[in-house]
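Asks: Could you have a look at this structure, given as structure tokens, before my questions?
Every number here is computed from the coordinates shown, using simple stated rules; none is lab data. For clarity, every value in this text was computed on a predicted model and none was experimentally measured. We place every Cβ from the backbone using ideal geometry, glycine too, and count neighbours over all the protein chains shown.
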Amino acid sequence: MQGFARRHTVAAALAWLDAQLRTLDAEEVALRAAAGRVLAASIASDIDIPGFDRATMDGYAVVADSTEGATSYNRVPLTVIGDALPGSPFCRTVGRGEAVRIMTGAPMPGGSDSVLPAESVEADPDVRGRVLAVAEVSPLKNVGRRGEDIVAGTTVLDSGRVLRPQDIGVISSIGIDRVHVVRQPRVRLVITGNELLPSGSRPRGYQITDANGPMLAALAERDGAIVDFPGLIRDDAEAILDALIGPPEGGPHVDAVVVSGGSSVGIEDHAPMLVATNGELAVHGIAMRPSSPTGLGRIGDRLIFLLPGNPVSALCAYDFFAGRAIRALGGRSKEWPYRQVRGTLARKISSPIGRLDYARVRVDPSTALGAGGRVEPLAVAGASVLSSTTRADGFVIVGDDSEGLPAGADVDVWLYA
């Protein structure tokens, strides 16, 4: 065993990574399957929505002038000549002194220009088929105009948008049932370690239960990936190589491989040499804490991410590198999907110049974030203590050009949730 000959800066590692990234090709999917996907092409409407003037409340379609001067002391009579229902319009013309009973969403009858609300009308006790207006209404009141929602020719949604449920509804409203979205990156997880037991197993003896597999799978799926996790891989060079370069011809294409464990310079750390021998190991060893043994490379057109086996290191390296790539491949923003807030550091964080530190912190719930909220450092070291990330509300980054952050410093906090 020997140590790293040198450690790359985080900036240099990111520069190499960003130069490899591209957005994957588009694919067409049914609208029902498009929620959460990234739109590959802008969508424009070739129709007005709504395509007709319609009532926005229950009441009576009238000519507004017919109600002029109407009050509870000066009831104005209106002759009811029919009904208009959603999908079932009244097909004759409404004149002055006439009214058509109308429901919300029903097309406005010809000649009418407003809807007198039902609560502004009383039945005429003396004349069947007649009502009395007890309030006046102005032209276009309670009327949704044609194209009020969407005008024909308008771009409804821009490419690059992550489709939300309401976006799906808008697309459906303009008569589109299939959309072009960016293909989801397929990510293989290669979790190595002879000491590991499958997720859900009870730790026993000197064996530990896999935490990185479920955690990394959840992170990659959050970032839009389809995850291929074939199970734990023993610390065996042949088995790891097969996981790196498989599946056999004709199987699903893999865009990225995320390896956890066996990424450093120990006698059982096979992955870096396998990547270097079969492809390109561009980065191995990064000046950051935790996650310093991280490696970046590629085999063919697959990006390879070598993450440390310690869980906090794996989380940190995923956030900085693998997650960034997965989001970019799938057409999403490369930046962290975490909410950023401002706070005041309660205690100092020490850090040497030349190394970037990822410090887990807790935010005092009694103080308001964004207005000097108190930020308590929990840990910088302790890469195997995964529970520190569950106790933490988020993290603070200490740049590699800093000797640390003093108590009282204003800091940016990226919140885990």
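Asks: Karplus couplings for the range 288-294 from phi (6.51 cos²θ - 1.76 cosθ + 1.60, θ = phi - 60°), rounded to Hz, Gly and Pro as x?
Replies: These are the phi-based 3J(HN,Hα) values: 8, 9, x, 5, 4, x, 4 Hz.
Asks: Which residue, P352, V187, P247, has the largest displacement toward the positive end of the dipole of the chain when charges sit on each Cβ (Lys, Arg +1; Asp, Glu -1)?
Replies: It is P352.
Asks: Enter the Cα centre distance for the pair the range 201-247 and the range 281-347, rounded to the nearest angstrom.
Replies: About 17 Å separates the Cα centre of the range 201-247 from the one of the range 281-347.
Asks: Moving on to the next point. What list of ³J(HN,Hα) couplings, whole Hz, do you get for the range 156-170 from phi and the Karplus terms 6.51, -1.76, 1.60, once you set θ to phi - 60° and write x for glycine and proline?
Replies: 7, 9, 8, 4, x, 7, 7, 6, 9, x, 5, 5, 4, x, 5
Asks: Do the sum for the chain: with -39,500 (n - 2.57) for every DSSP H run of n ≥ 4, divided by all residues, what is the mean residue ellipticity at 222 nm, to the nearest 500 deg cm²/dmol? Provide the component values of the computation, followed by the final result.
Replies: Details: 8 runs with 67 residues, N = 417.
For the chain, the value works out to -4500 deg cm²/dmol.
Asks: For G160, enumerate residues with amide H under 5 Å from its amide H, sequence gap 5+ or separate chain, H modeled in the peptide plane.
Replies: L39, A40, A41
Asks: If you don't mind, there's one more thing I want to ask. For the range 69-85, what does the Karplus curve 6.51 cos²θ - 1.76 cosθ + 1.60, with θ = phi - 60°, yield as ³J(HN,Hα) per residue in whole Hz, taken in order and with x for Gly and Pro?
Replies: x, 5, 9, 5, 9, 9, 6, 9, x, 9, 8, 7, 10, x, 10, 10, 10
Asks: In debye to the nearest 20, how big a dipole does the chain give about its Cα centre with +1 on each Lys and Arg Cβ and -1 on each Asp and Glu Cβ?
Replies: On the way: 41 positive and 49 negative charges, 150 e Å.
Rounded to the nearest 20 debye, it is 720 debye.
Asks: Give me the distance in nm between label points sitting 7 Å out from Cα along the Cα-to-Cβ direction at A135 and L21, one decimal.
Replies: Taking the simple label geometry, A135 and L21 are separated by 5.5 nm.
Asks: Tell me which residues come under 5 Å, amide H to amide H, from R178 once H is placed; ignore anything under 5 positions away on its chain.
Replies: Long-range HN contacts for R178: L31.
Asks: Turning to a different aspect of this structure: Provide the net charge surrounding I102, with neighbours chosen by a C-beta distance below 15 Å and charges set as Lys +1, Arg +1, Asp -1, Glu -1. Before the final figure, lay out the partial values.
Replies: Working: positive: R54, R92, R101, K141; negative: D53, D58, D83, E98, D113, E119.
In short, -2.
Asks: Charges on Cβ only, +1 for Lys and Arg, -1 for Asp and Glu, centred on the Cα centroid of the chain; of C316, S120, V170, which one is farthest towards the dipole's positive end?
Replies: C316
Asks: If you wrap a convex hull around the C-alpha atoms of the chain and split its volume per residue, what is the figure in Å³?
Replies: On the way: hull volume 92.8 nm³, N = 417.
For the chain, the hull spanned by Cα atoms encloses 222 Å³ per residue.
Asks: To check you understand DSSP bridge types, tell me what percent of the beta bridges within the chain (both residues inside) are antiparallel, rounded to 5. Before the final figure, lay out the partial values.
Replies: Working: 59 of 86 bridges.
Close to 70 percent.
Asks: While we're here: Dimensions of the range 1-141 along principal axes (Cα, Å, largest first)?
Replies: Principal-axis extents of the Cα atoms in the range 1-141, largest first: 103, 32, 24 Å.
Asks: A follow-up question, please. Can you compute the FRET efficiency between R145 and S333 using 1/(1 + (r/R0)^6), with r the Cβ-Cβ distance and R0 = 41 Å? Round to the nearest 0.05. Display every interim value, and only then the final one.
Replies: Details: r = 36 Å, r/R0 = 0.89.
The value I calculate is 0.65.
Asks: Would you mind counting up the charge near R327? Only other residues with Cβ under 10 Å from its Cβ, with Lys and Arg at +1 and Asp and Glu at -1. Mind dumping the intermediate values first?
Replies: Numbers: positive: R222, R324, R332, K334; negative: D223, E335.
Every neighbour counted, the sum reads +2.
Asks: Near the amide H of A379, under 5 Å away, which other amide H atoms are found, from residues 5 or more places off or on another chain, if H is placed in the peptide plane?
Replies: Correct list: R360.
Asks: What number comes out for the charge environment of S88, summing +1 per Lys or Arg and -1 per Asp or Glu over other residues with Cβ under 13 Å away? It would help to have the intermediate numbers written out before the result.
Replies: Working: positive: R54, R101; negative: D83.
Charge balance in the 13 Å sphere: +1.
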